Structure formats: C-alpha cells, structure tokens
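For reference, the structure discussed in these notes is given below.
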Amino acid sequence: MSATIDTTVHRTASLANRLPIALLTLSAFVAITTEYGIIGIMPELAQGLGVSTAAAGQLVTLFALTVMLCGPFLTALLAGKKRKPLFIIVMAIYAAANLMAALASNFATLAVARILPALALPVFWGTASETAVQLAGPGNAGRASAQFYLGSACALLIGIPFGTLISHMLGWRALFFVLTLLSLATAAALYYFMPSLEKPLKFKLKEQLGILGKPYFLINLLLSVVVFSAMFTAYTYFAHFLQQVAGVTDADVGWWLLGFGAVGLIGNWLGGKFLDRSLLRTTIFFLCMLGCGMTLSTLMASQPVLLWIALTLWGVAYTALFPVCQVRVVAAAKRAKALAGAMNVSATNGGTALGSMLGGAIIAQWGITVLGFAATLVALLGVLLTWQTIKMKRRYAIAPVE
C-alpha cells in the first residue's frame, strides 16, 4: 500500500514538473539557435556586412572561443546561485544580445553581440541539464536528459532552417529580431512557471577544480574538442557547401537545412537510447557515421537522391554527438557536475572554434570541395583518441559514476 502511494506521489510530481522541464528545453532551443543560426545565413550576412564568407565564419569561432575561455570560471562562480533567477537572467542576456545583433551596423558591433550570449551559454548549459534531472526525480534522469537535449535537435530542425528562410525573405537581421522576441517570451515563461528550487550545494572553487587533476576526465574533455572540431570543420560552411558544390539555390537552402534537421531528430533519439550504454563505443560509432556522411556528401553532391542518403548519415551522427559528448564528460566526473558540464561546453566550443578556423583556412587554400574529406580525417583522429580513452579506462579500472 505504501509503495503504491509513493509511486502515485512520484508520478504526480513528475507530471507537475513537465512544464518546467519543457521550458528548459525551450531555453536550450533559444541558446542553440542563437549560437548556430548564423550558419544558415552566413552567405547573406557576409554580403550584407561586406566581408568574405570565410571571415564571417569567424563569428562562429569568436562565440566558441569566448565560451571555451570564460565558461568554466563563470560556471564555477555561479554554480551555487538559485536556478530560477539565473535562467531568467540568461534569457534576458540573450534577448539583449540578439537585439544588438539585429541592429548592428558593422562587423565589429555584431562581434560584440556574439560575445554576450557566449558568456551566458556555459552557465546555462552546465546548470540546466542538471536541473532537468532534478525536476524529473529518481528513475527519470535518462528521459529528462533526452527531453532537455531535444531543444538542441529542434534548433537544428526548426531554428536554423526557418531562420534561414526568414532571412531569405526579410533579410538576415530578421533572424535576430525573432530570437529577441523568443528570448523575452522564454524569460517571462520561466518567471511565471519555473518553480523556486532549493539553492544548490556550493563547493569551494578549489574543490570544484579538483576534477582537473583527473587524467580520465581530461582525456574525455580533449575528446570532445576533437569530436566537435570534426563536426564543425564542415558544418560551419554547410550553407556555402550546398550552394557552391551541390548547386542548391539561395531560396532552397533553408529547406535543405530543414531536412537535415529533421533527420537529426533520429540522431537525438538514438543518442538518448545509447546514453545508458558504453558512451565511448557509442562515440566511435557516431564518429564513423559522421565521417562517412561528410565524405559521401562531397562525392555524391551532383546526385540529389544519393546526396540525401549521405546527408542523412551526416545529420543523424551530428545531432547524436551533442548529448553523447555532454553525458560522457559529466559521467567522467564524480563531483562538481555543473562545472564538468560547463567544461564540456567549453571543450565543445573550443572544438567548434578550431573546426571553423580549419574549415575557413581549407576553403581559402583549396576550396570548398575538399572540406568534407578534411573533416573526415579529423573524425578519424577522434576515433583513435576514443580508443586511447577506452584503454585508459581499463588501465585505471575507472569505477562507474556514483
């Protein structure tokens, strides 16, 4: 009888917390669309500001470097703050930054507008995924994580493609105006519907930074850098690839991005399925799929049907690697989970920056047609590093996360 009552109470609590978790998913959607939505409008933005596409691509690099350099410190500093006001402030920052980007009259102003949300992203990401699990309650951690990361998948499915379509019809600034309104609406919803959770335990900065002395944690961080370098060497210039190599018209780029994001939902589902399995072997599997997709997309660019098959492999692997990398790194840290999550965000953005710079350099030197091959080589490097990580885990007999 008691067990039945406990189960009923737990189910009622879970139902009551679905809306707050959904709001965190929406916040993740805003965050990822703000970060990567610029990829879909790169050619128009470059033309509008009078710079090259490779130069415009460095706005992705700037965002990523800011996250990488400032993220861990800011997250460790704010990890003990109450979650509800923290999330509201983050969304307010996103609103202000997107409005600034929409009104930017030159490249330098737009660059500043990219730095502001980059400062807020790791703080949000390091604490929101942890909060979603807390809201879901015992036994629902995997489901809550998958729902939270659905925000990332939907950003690829809806945010980036529709941002591209809106920008094509109304100009590239329209994307940032829409994101401004969406950020404000999300902040308001968090204010009214997010419960005031207990203030999290605060560890001293020195105690939190102790995870940096763990070799297994560090190699997992390095692996995230390499994985995201492989992903963004090519994906940063995806719209440019579609136009220049696949011959897709400007008006149709958004629809192709929409299709790419749609198959990415499969990746989010698969990634969630594999979260409770061997995360390192899962990383290898999706890296191999990513490499095949990027190489075949280049080889099959003139064959629409075959190109879509290749892009399906690419899109599934690309989306799946987001949650896989985050959970893998957090699982490698027994304490300071928020900091571990933020450090992974920093690592992945470091990889994004490296990939964007590498892709820009390759385009400038050899052209867009070899970009997929170069990105595949980086993915193979990630496979080799993952095998080394598996060996380290066996050598030190790393215990499962507590």
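Structural remarks
- Shape of segment 12-395, Cα gyration tensor, a/c cut at 1.5: oblate
- Backbone geometry of segment 28-43 corresponds, through the Karplus equation with coefficients 6.51, -1.76 and 1.60 at θ = phi - 60°, to 3J(HN,Hα) couplings of 5, 4, 4, 5, 6, 5, 4, 6, 10, x, 5, 5, x, 10, 4, x Hz, x marking Gly and Pro.
- Entry note, the chain: the mean residue ellipticity at 222 nm calculated from DSSP H runs of n ≥ 4, each adding -39500 (n - 2.57), is -28000 deg cm²/dmol after division by the residues and rounding to the nearest 500.
- For segment 286-363, the spread of Cα positions along the three principal axes, ordered from largest to smallest, is 50, 26, 14 Å.
- Rounded to whole Hz, the Karplus (6.51, -1.76, 1.60) HN-Hα couplings of segment 365-374, x for glycine and proline: 8, 10, x, 5, 5, 9, 4, x, 5, 5
- Residue-span extension gain [SER52 to GLN134] - 0.36 nm each, minus C-alpha spacing: 25.0 nm
- Members of LYS82/LYS334; LYS214/LYS337; LYS84/LYS273; LYS337/LYS391; LYS81/LYS214 lying beyond 20 Å, as alpha-carbon distances in this model show: LYS82/LYS334; LYS84/LYS273; LYS337/LYS391; LYS81/LYS214
- From phi via Karplus (6.51, -1.76, 1.60), per-residue ³J(HN,Hα) for segment 285-290 in Hz, x at Gly/Pro: 4, 6, 5, 5, 4, 4
- In terms of overall dimensions, segment 352-397 has a Cα radius of gyration and Dmax of 14.7, 46 angstrom.
- Rounded tilt (10° steps) of 173-193 against the dominant C-alpha axis of the chain: 10
- With neighbour counts taken as other beta-carbon atoms within 10 Å, the residues ILE41, ILE89 rank, fewest first, as ILE89, ILE41.
- Shown for HIS240, HIS168: other C-beta atoms within 10 Å of each C-beta, ranked fewest to most, produce the order HIS168, HIS240.
- Exposure proxy ranking, count of Cβ atoms within 10 Å, fewest first, for TYR192, TYR318: TYR192, TYR318
- In percent, rounded to a whole number, the relative contact order of the chain is 27, using alpha-carbon pairs under 8 Å and six or more apart.
- Positive-end extreme of charge dipole, the chain - chosen from THR319, ILE38, TYR192 (charges on Cβ): TYR192
Read-outs throughout are calculated quantities, based only on the coordinates presented, and are distinct from any laboratory measurement. All values reported here derive from a predicted model rather than from experimental measurement. Quick reminder, even Gly has a Cβ in these numbers, built from the backbone with ideal geometry, and neighbours come from all protein chains shown.
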